[in-house]
C-alpha cells in the first residue's frame with residue numbers, strides 16, 4: 001500500500017508540474033511543513049520556503065517551477081540515481097528514478113554550509129528538523145527524452161506522501 005501510494009503520488013505530482021496545476025500540486029503539500037525549493041544564487045546554494053506553489057508567480061526563484069512544463073511521465077525505476085554531468089549538461093541516464101537504499105541530506109547540508117561560509121544564522125534546531133525530514137524522504141529524479149528535468153523529494157508523514165523539497169541545484173553548474 002505504501003509503495004502504491006508513492007508511485008501514484010509521483011505520477012500526480014509530475015502531471016501537476018507538467019500542466020502547471022496549482023490546485024493539484026497543493027494537495028501534496030503539507031500545510032504545516034510546506035515545501036522548500038533549493039536554488040543557487042551566485043556561489044552559494046540557498047533555499048526558499050513556500051506554504052504552497054503558484055505557477056503564475058514570475059518572481060525569482062519561483063520562476064524555476066516552470067522548468068517542468070510539458071515534462072513526460074516515464075516508468076519508475078528503483079535504482080541508483082543518475083549523476084549530472086556539468087561538461088555535457090546532461091544527466092547520466094534518462095528516465096524516472098528513485099534510490100530507496102540512500103538518504104539524501106542536501107537541504108540540511110546547504111544550511112550547514114550557509115552557516116559556515118556565508119555566514120547565516122540558521123538555528124541548529126531548524127537544521128535538525130530538516131535532517132529528520134530528509135530521513136523520511138525519497139529523492140526522485142526525472143529526466144525525460146526532451147531533456148526536461150524535475151528533481152523532488154517525497155516525505156512519508158502520517159502515512160501520506162508529501163512533496164517537501166524541489167531541487168534546482170543539482171544540475172546548476174554556474175558556480
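The values are calculated or read from the model by the stated rules, or taken from the named source; none is laboratory data. None of these values were measured; they are calculated from a predicted model. For neighbour counting, all protein chains shown are included, and Cβ atoms are generated from backbone atoms with ideal geometry for every residue, glycine included.
Some points to look at:
- Selected residue [within 17 Å of the chain's Cα centre (by Cα) and farther than 23 Å from residue 173 by Cα] from 67, 54: 54
- Of all the listed residues (60, 78), the sole one being over 21 Å from residue 169 (Cβ atoms) and either surrounded by fewer than 12 Cβ atoms within 10 Å (Cβ to Cβ) or out of contact with any helix residue (DSSP H, G or I) (no Cβ under 7 Å at 6 or more places or on another chain) (or both) is 78.
- From 74, 81, 107, residue being more than 18 Å from residue 35 (Cα to Cα), touching a residue at least 12 places away in the same chain (Cβ under 8 Å) and within 15 Å of the chain's Cα centre (by Cα): 81
- If the condition is being modelled with pLDDT of 95 or more and either assigned to a strand (DSSP E or B) or more than 18 Å from residue 13 (Cβ to Cβ) (or both), then the stretch 51-80 contributes 76, 77, 78, 79, 80.
- Residue 160 modelled with pLDDT of 95 or more, in contact with a helix residue (DSSP H, G or I) (Cβ under 8 Å, 6 or more places away or on another chain), surrounded by fewer than 18 Cβ atoms within 10 Å (Cβ to Cβ) and within 30 Å of residue 70 (Cβ to Cβ): yes
- Hits in the stretch 62-118 (condition: at positive phi and touching a strand residue (DSSP E or B) at 6+ places or on another chain (Cβ under 9 Å)): 95
- Odd one out for residue 168, checked against (1) touching a helix residue (DSSP H, G or I) at 6+ places or on another chain (Cβ under 9 Å); (2) surrounded by 15 or more Cβ atoms within 10 Å (Cβ to Cβ); (3) farther than 22 Å from residue 16 by Cα: (3)
- Restricting the stretch 131-175 to residues that are without any contact (Cβ under 8 Å) to a residue 24 or more places away in the chain and closer than 17 Å to residue 29 by Cβ, the residue that is nearest to the chain's Cα centre (by Cα) is 151.
- Segments classed as strands (runs of 3 or more DSSP E), wholly inside the stretch 81-175, with at least 3 members that are closer than 19 Å to residue 40 by Cβ: 137-143, 149-157, 160-167
- Residues that are touching a helix residue (DSSP H, G or I) at 6+ places or on another chain (Cβ under 9 Å), touching a residue at least 40 places away in the same chain (Cβ under 8 Å) and part of a loop (DSSP other than H, G, I, E, B) within the stretch 12-37 comprise 20, 28, 33, listed in sequence order.
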